[in-house]
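The values are calculated or read from the model by the stated rules, or taken from the named source; none is laboratory data. Not measured: the values here are computed from a predicted model. Virtual Cβ from ideal backbone geometry, glycine too; neighbours counted across all protein chains shown. Keep in mind that these areas ignore ligands, DNA and RNA; they rest on the heavy atoms of the full protein, side chains included. Shrake-Rupley method; radii C 1.70, N 1.55, O 1.52, S 1.80 Å.
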Amino acid sequence: MRRVRSLLVVAPLVVGLLVLTPPKPTVAAPVVQPGVSLEFGNSFCTMNWVYDGAGGPYVGAAAHCTTGVGQEVDLASGSLGSPIERIGQVAFVGSVTGLDYCLIRVDPGIVPQLSAAMAGHPTIPTGVSTPSSAKQGDLIQFSGQGIVFGSTAPTAQDRVGVFNFFDSGNQYVVGPVTPGDSGGPVADITDSGKAIGIVDTVGLTVASPNVNVGEGGVALYALLADAASHGFSITLRTV
């Protein structure tokens with residue numbers, strides 16, 4: 001009988017080590033809401049309210065912040081900070097009508113990041129404050145990126161003033177604001193947390209026979225009426 005010799009080949013056992021890399025944590029997109037900082041080229045201002053209307057949504061700022069219609073607007077880390085991302089471009093400038101406000105058309109990709117709530121105050125705004133509902137002495141809420149004030153959340157969001165008067169489509173408040181707050185939201189706490197206007201000026205204002213030391217700016221009821229008269233029929237987005 002023929003003997004068959006078998007050859008056993010032993011191959012080395014190679015063990016592969018599978019290294020699982022943990023997934024990177026998801027970073028939430030920044031919220032775009034009343035009270036955040038906006039950059040217009042080399043100019044920093046504060047965003048006011050969120051508005052709905054044809055071609056929108058829109059957010060607002062002060063007219064003196066922008067160089068004109070079509071300018072790109074970025075969300076910023078704060079006054080004198082750095083840009084974070086583009087949010088849209090200027091669609092209308094109210095200074096041609098004598099009111100210091102502008103409307104920014106929000107890019108479609110930014111819409112999911114929009115919040116109508118004032119930064120630090122999730123129950124504001126509930127509506128629009130008017131000469132028939134706001135009263136002299138009402139408590140007023142600010143939230144903005146004024147220089148120095150914008151450096152901490154409490155100083156940015158917890159400043160309170162006192163409503164003084166309306167005059168020629170503007171509202172005037174005795175209260176603390178600084179450059180960088182321009183364009184920011186102004187709300188009437190006493191009037192059920194309604195939006196009363198935006199910040200435009202800081203300092204002493206004389207509107208005979210009334211005198212105001214503090215904040216002055218466009219009243220929201222006048223802003224909405226003016227925008228509508230120029231083809232922007234917008235409404236305030238509330239919480």
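Do any cysteines of the chain lack a neighbour Cys whose Cβ is under 4.7 Å away, and which are they?
Cysteines of the chain left without a disulfide-compatible partner: Cys102.
Let me have the relative contact order for the chain, percent, based on Cα pairs under 8 Å that are six or more residues apart.
So the answer I get is 20 percent.
When only DSSP loop residues count, what chymotrypsin sites (Phe, Trp or Tyr not before Pro) in the range 163-239 have their Cβ near at most 16 other Cβ atoms within 10 Å?
Hits after loop and neighbour filter: nothing returned.
Treating only the Cβ of Lys, Arg, Asp and Glu as charged (+1, +1, -1, -1), what charge dipole size does the chain show about its Cα centre? Round to the nearest 20 debye.
With only Lys, Arg, Asp and Glu charged at Cβ, the dipole is about 1820 debye.
Step through the residues of the range 92-108 one at a time and calculate ³J(HN,Hα) from phi using the Karplus curve (6.51 cos²θ - 1.76 cosθ + 1.60, θ = phi - 60°), rounding each to whole Hz and writing x for Gly and Pro.
My calculation for the range 92-108 gives 7, 10, x, 5, 5, 9, x, 10, 8, 8, 9, 10, 10, 6, 7, 4, x Hz in order.
How high is the relative contact order of the range 49-135, in percent, counting Cα pairs under 8 Å that sit 6 or more residues apart?
27 percent
Tell me, what ³J(HN,Hα) does each residue in the range 134-147 have, in order and in whole Hz, if you take phi through Karplus 6.51 cos²θ - 1.76 cosθ + 1.60 with θ = phi - 60° and put x for Gly and Pro?
With the stated coefficients, the range 134-147 comes to 7, 10, 4, x, 4, 6, 10, 9, 10, 8, x, 10, x, 4 Hz.
With loop defined by DSSP as not H, G, I, E or B, and exposure as at most 13 other Cβ atoms within 10 Å, which is the longest segment of the chain clear of exposed trypsin sites (Lys or Arg not before Pro)?
Longest gap between qualifying sites, sites excluded: 6-134.
Mind sorting out which of (1) 79, 21, 11; (2) 54, 19, 16; (3) 26, 21, 19 is the real semi-axes √(5λ) of the Cα gyration tensor in Å computed from the coordinates?
The calculated read-out lines up with (2).
For the Cα atoms of the chain, what angle does the longest principal axis make with the long axis of helix 220-229, in degrees from 0 to 90, nearest 10?
Compared with the principal axis, the helix lies near 80 degrees.
Around Val202, what is the net charge, scoring Lys/Arg as +1 and Asp/Glu as -1 over all other residues with Cβ under 12 Å from its Cβ?
Taking every Cβ under 12 Å from that of Val202, the sum is -3.
Which FRET efficiency value, to the nearest 0.05, is calculated for Thr123 and Thr26 with the Förster distance at 35 angstrom and r the Cβ-Cβ distance?
The pair Thr123/Thr26 has a calculated efficiency of 0.80.
Accessible area per residue for the chain in Å², computed with a 1.4 Å probe and the full protein assembly in place, what is it?
49 Å²
So for the range 144-239, averaging the separation of alpha carbon pairs under 8 Å that are six or more residues apart and normalising by length, what relative contact order in percent results?
24 percent
Net charge around Val90, counting only other residues with Cβ within less than 11 Å of its Cβ (Lys, Arg = +1; Asp, Glu = -1)?
Every neighbour counted, the sum reads 0.
Using the basic label-point model (7 angstrom from Cα toward the beta carbon), what is the Asp52 to Val160 distance in nanometres?
3.1 nm
If amide H atoms are built 1.01 Å from N in the plane of the peptide, which residues on other chains or at least 5 residues away come under 5 Å of the amide H of Ile196?
Long-range HN contacts for Ile196: Ser129, Val186, Ala187, Asp188.
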